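One structure follows; several queries about it will come next.
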Amino acid sequence: MEELVIRKVKIPDLIQELIKTYKVFLPTKTNGDYFHFNELQTVNEELLSFWDYRNTKISPKEIFFPQTEILFSFAEKMESLGSNRQLLTIILGIRPCDARAISFLDKVFAEPLRNGEPQTPSYIDPYYLERRQKSTIVSLACSNPQITCFCTSLNGKPDGEEGSDIILYDLGEEFLVKVISKTGEKLIDSFAKWFKKATKSHIAKKNKFIDFSLKRIHSTIDCHNIKEKLDESFNATFWGKIHLKCLGCGICTYLCPTCYCFDITDEVRNKQGKRMRCWDSCMFSLFTLHASGHNPRLTYKERMRQRIMHKFNYCPVNFNGIFCVGCGRCIRNCPVNLDLREIIKDIR
C-alpha cells in the first residue's frame, strides 16, 4: 500500500470518529511528565499531544497482559470472564521498541499470531489472544531517542516495523503514514477520507527524519555470541560482584516490556471465589520458593543470574531471539543505577 499523510489538525476529529467504534489508548500525562497509556474517554487538546512524549515509564504491554486480572469466578459452576468481553482496540502512539516487545510476547502467549498454524491449546493464552486479535497497533517512529536507548544493538530501529500494523512519522505539521499489515490496511480503508497520498517531498523528509534519529543513538551493547558466552559463564565469579548493589525491588522486570512471569492465586470466601493472575518477578525472593521451604535461588546473586540468563540465553533457545528491545527502562529507573549495558560488558 502506498504511503499516506494526514495533517495533525485533523487528528482530534479522526479520533472522535475512532472512539465510536474502538477503545483508543494513547500515551497521556498522569503526573507531571509521567506518561502512561490510558483509554481515551473524551477528545481534548491536552490528551492529543501524544507525539510530544519520548516514552512511557510503564510498558504498554499491560493493555494485553494486565498487571492484575480476574481469569474467572466460581461458585457451584465456573463463570468465565475472558470470553466475548474485549472490544476492538487501537493503541496509538506506541514506540517501535514497545511494539516489537509485544511481538515477542506473542511467541509466549499467542503462538498462532506468529505462524498462522494450529497449536496445542496448552500453549495458547485465550485472554491474551483475544485482546491481540481485536487490536490494531499504530506506532510512532522515534524522533528523539533517550540517552539510555540501545535498540540498534538488538536489531531494532527508531522506525522498526515489527509488531506494528501502521507506523507514523512526525513531519512537523503532518504525519506520514505507512501501512504494514492487513489489519492496518483495513483500518486505513475504513477512514480513507482523512488521508491523502504522500509526495516525494514527504518521503524525503521522512528519510531525513530517520537518519537524524539513528545518529542520536550512541549507546550500544555487543550481543554477538552472547548465548555462547553465557553457556560458559554459569559459575563465573563475576555473578558474585554484579549483584551487590541490587535491592531486589524488581523494578527492572516490572517495567520491562518483554518480561512475562506471573503468579496465579485463587481467592475464596463463602463458597464463592475467583482466580487471579498477577505479574511476578524472578528478582523476588518468593519467586522460586518451594512448598518444602527450599529455595534454589536463595540470594540476589542467583536471581540476578536468572534474569540475565532468561533474556539472553534461555529465550534465544526457546523463542529464537533475545528478549530485550533496548528501551533502557531498567537502566533509567533502577534506584541503585545497575546498568544492563555494563553487565553485558562484564559477561563478554
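State the number of residues belonging to the stretch 135-155 that are buried (at least 23 other Cβ atoms within 10 Å of the Cβ), in a loop (DSSP other than H, G, I, E, B) and among the small types (Gly, Ala, Ser).
Total satisfying the criteria: 1.
Residue-wise test of (1) crowded, with 20+ Cβ neighbours inside 10 Å; (2) touching a strand residue (DSSP E or B) at 6+ places or on another chain (Cβ under 7 Å); (3) under 29 Å from Asp339 (Cβ atoms); (4) touching a residue at least 24 places away in the same chain (Cβ under 8 Å).
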position	(1), (2), (3), (4)
Ile166	yes, yes, no, yes
Lys178	yes, yes, no, yes
Thr183	no, yes, no, yes
Lys193	no, no, no, no
Arg216	no, no, yes, yes
Thr237	no, no, yes, no
Gly273	no, yes, no, yes
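Each row is one residue, and each column tells you yes or no for (1) within 24 Å of Gly240 (Cβ to Cβ); (2) of a type in the set (S, T, N, Q); (3) surrounded by 18 or more Cβ atoms within 10 Å (Cβ to Cβ).
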{"residue": "Arg307", "(1), (2), (3)": "yes, no, yes"}
{"residue": "Tyr314", "(1), (2), (3)": "yes, no, no"}
{"residue": "Cys327", "(1), (2), (3)": "no, no, yes"}
{"residue": "Ile331", "(1), (2), (3)": "yes, no, yes"}
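In the list Arg305, Arg297, Arg275, Arg341, which residue meets the criterion of being in contact with a Leu (Cβ under 8 Å, 6 or more places away or on another chain), outside the structural domain of Cys142 (by TED's automatic domain parsing) and basic (Lys, Arg)? Can you show your working first?
Values: Arg305 fails: in contact with a Leu (Cβ under 8 Å, 6 or more places away or on another chain); Arg297 fails: in contact with a Leu (Cβ under 8 Å, 6 or more places away or on another chain); Arg341 fails: in contact with a Leu (Cβ under 8 Å, 6 or more places away or on another chain).
Only one candidate passes the filter, namely Arg275.
Could you look through the stretch 103-124, keep only residues that are in a helix (DSSP H, G or I) and among the hydrophobic types (A, V, I, L, M, F, W, C), and pick out the one that is modelled with the lowest pLDDT? Don't jump to the end; show me each part of the working.
Within the stretch 103-124, the subset in a helix (DSSP H, G or I) is 103-109, 112-115, 121-123.
Keeping just the survivors that are among the hydrophobic types (A, V, I, L, M, F, W, C) gives 104-105, 108-109, 113.
Numbers: Phe104: 95, Leu105: 95, Val108: 92, Phe109: 92, Leu113: 56.
The selected residue is Leu113.
I would also like to ask the following. Is it true that Cys249 is under 22 Å from Asp98 (Cα atoms) and either surrounded by 15 or more Cβ atoms within 10 Å (Cβ to Cβ) or among the acidic types (Asp, Glu) (or both)?
Working: under 22 Å from Asp98 (Cα atoms): no; either surrounded by 15 or more Cβ atoms within 10 Å (Cβ to Cβ) or among the acidic types (Asp, Glu) (or both): yes.
Criteria not met by Cys249.
Among the residues of the stretch 154-178, which ones are more than 14 Å from Ser143 (Cα to Cα) and not acidic (Asp, Glu)?
Matches in the stretch 154-178: Leu154, Asn155, Gly156, Gly163, Ser164, Ile166, Val177, Lys178.
Find the residue count for the stretch 218-230, including only residues that are outside any loop (DSSP other than H, G, I, E, B), surrounded by 12 or more Cβ atoms within 10 Å (Cβ to Cβ) and not basic (Lys, Arg). Quick ask: steps written out before the conclusion?
Here is the first cut: in the stretch 218-230, the ones outside any loop (DSSP other than H, G, I, E, B) are 226-230.
From what's left, surrounded by 12 or more Cβ atoms within 10 Å (Cβ to Cβ): 226-227, 229-230.
Restricting the remaining residues to those that are not basic (Lys, Arg) gives 226, 230.
Final tally of qualifying residues: 2.
Considering only the stretch 29-47, state which residues are modelled with pLDDT under 85 and either buried (at least 17 other Cβ atoms within 10 Å of the Cβ) or polar (S, T, N, Q) (or both). Can you show your working first?
At the first step, the residues of the stretch 29-47 found to be modelled with pLDDT under 85 are 29-35, 41-47.
Listed by number, the residues that qualify are Thr30, Asn31, Phe35, Gln41, Thr42, Val43, Asn44, Leu47.
Could you give me the residue pairs with C-beta distances under 8 Å whose first residue belongs to the stretch 132-156 and is in contact (Cβ under 8 Å) with a residue 12 or more places away in the chain and not assigned by TED's automatic domain parsing to the domain that holds Phe312, whose second residue is aromatic (Phe, Trp, Tyr) and assigned to a loop (DSSP other than H, G, I, E, B) wherever it lies, and which are 6+ apart or on separate chains?
Listed pairs, sorted by first residue: Arg132/Phe64; Ser135/Phe64; Thr136/Tyr22.
Before we move on, is Glu342 surrounded by fewer than 18 Cβ atoms within 10 Å (Cβ to Cβ), out of contact with any helix residue (DSSP H, G or I) (no Cβ under 6 Å at 6 or more places or on another chain) and closer than 16 Å to Gly248 by Cα?
Details: surrounded by fewer than 18 Cβ atoms within 10 Å (Cβ to Cβ): yes; out of contact with any helix residue (DSSP H, G or I) (no Cβ under 6 Å at 6 or more places or on another chain): yes; closer than 16 Å to Gly248 by Cα: no.
Taking the combined requirement at face value, the residue does not satisfy it.
The values are calculated or read from the model by the stated rules, or taken from the named source; none is laboratory data. Predicted model, so just to flag it, every value in this text is computed and none were measured. Quick reminder, even Gly has a Cβ in these numbers, built from the backbone with ideal geometry, and neighbours come from all protein chains shown.
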